[in-house]
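Peer 1: What follows is a structure written as structure tokens; I'll ask about it next.
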Amino acid sequence: MDTEVGRYQASKQTKTRQQFKYRGEVGMKCPHCGETVNPHMELCPACGCPLHADHCTFCGAPMIPGEKFCSECGNAVGGIVCPKCGTLNFRSFCKNCREPLDDLAAEAIAQAEADPAYQEMKRLAEEVEEAAQKMETLPPHQKESSEVEKEFSLKLAKLNDAMQQMQPPPNMTPQMQRTFYSARDIKQLTKVKVVKLVRNGWVCNYCGCWHNCPEECVSPELGGTWMTEKVEEEQIVETWTKE
């Protein structure tokens, strides 16, 4: 039964992707790169530039095609280059590093810091991270049934509830709602396991000997094969509550 459900869900997802692709193929051409895209998108998925000139991508205010700056928020139609990573953006927070880029972002951050609901969400996120660190110290066979795991699940459920309850004002434009949520994202440090392929030698075709590199062989022009092994290591990465 579970297998049938899984197949049905996979089939449904495939059909959804195909329908989305089809709508894009019969849609509009991006005025910047010429890619065929869904006309309901705000930014081109290929080049990242705005698809429509009738509104500001930062605040959502109506604009007259040909205007260089939004009369409402003052942002340039040509976008803002992030001073931190150099990425060109058409929204108030950098899509690459989350750096706040304009007055809208600064104002949204100030409102978030004064929001008791956001402060509660940050407190819960810290507790979830502490519980996760406790779980890391347990042997694998104890993680699923331990009190630490129950504590983690409970705190995570509370965090999810707090996130669901934190809603923007209904009169905000979609662009300002996005800024609202971006200002309330919580950065966390998470451990992830990464598998890498590491070269540990080269076996030549000349005599089948093991070398550190092709240059050690007397006839490297005959070719050879790099020998690799999988190495698993833990890395600390930044994640966000909205991801």
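Just so it is clear, none of the values below were taken in a lab; they were calculated from the coordinates. All values reported here derive from a predicted model rather than from experimental measurement. We place every Cβ from the backbone using ideal geometry, glycine too, and count neighbours over all the protein chains shown.
Peer 1: When T137, T57 are ordered from fewest to most other Cβ atoms inside 10 Å of their Cβ, what list results?
Peer 2: T137, T57
Peer 1: Here is a follow-up. Give me the dipole magnitude in Debye, nearest 20, for segment 49-125 about the Cα centre, with unit charges on the beta carbon: positive for Lys and Arg, negative for Asp and Glu.
Peer 2: In total the dipole reaches around 360 debye.
Peer 1: What percent of all Cα-Cα pairs in segment 114-186 falls into each 5 Å bin, going from 0 up to the bin containing the maximum distance?
Peer 2: 3, 16, 21, 17, 14, 11, 8, 6, 3, 1, 0
Peer 1: Rank these for me by crowding, D102, D185, going from fewest to most other beta carbons within 10 Å.
Peer 2: Listing D102, D185 from fewest to most nearby Cβ atoms yields D185, D102.
Peer 1: Nothing charged except the Cβ atoms of Lys and Arg (+1) and of Asp and Glu (-1): what's the magnitude of the dipole of segment 114-186 about its Cα centre? Round to the nearest 20 debye.
Peer 2: Its charge dipole is roughly 260 debye.
Peer 1: Turning to a different aspect of this structure: How big, in percent, is the set of alpha carbon pairs in segment 28-160 lying more than 28 Å apart?
Peer 2: Of the Cα pairs, 44 percent sit more than 28 Å apart.
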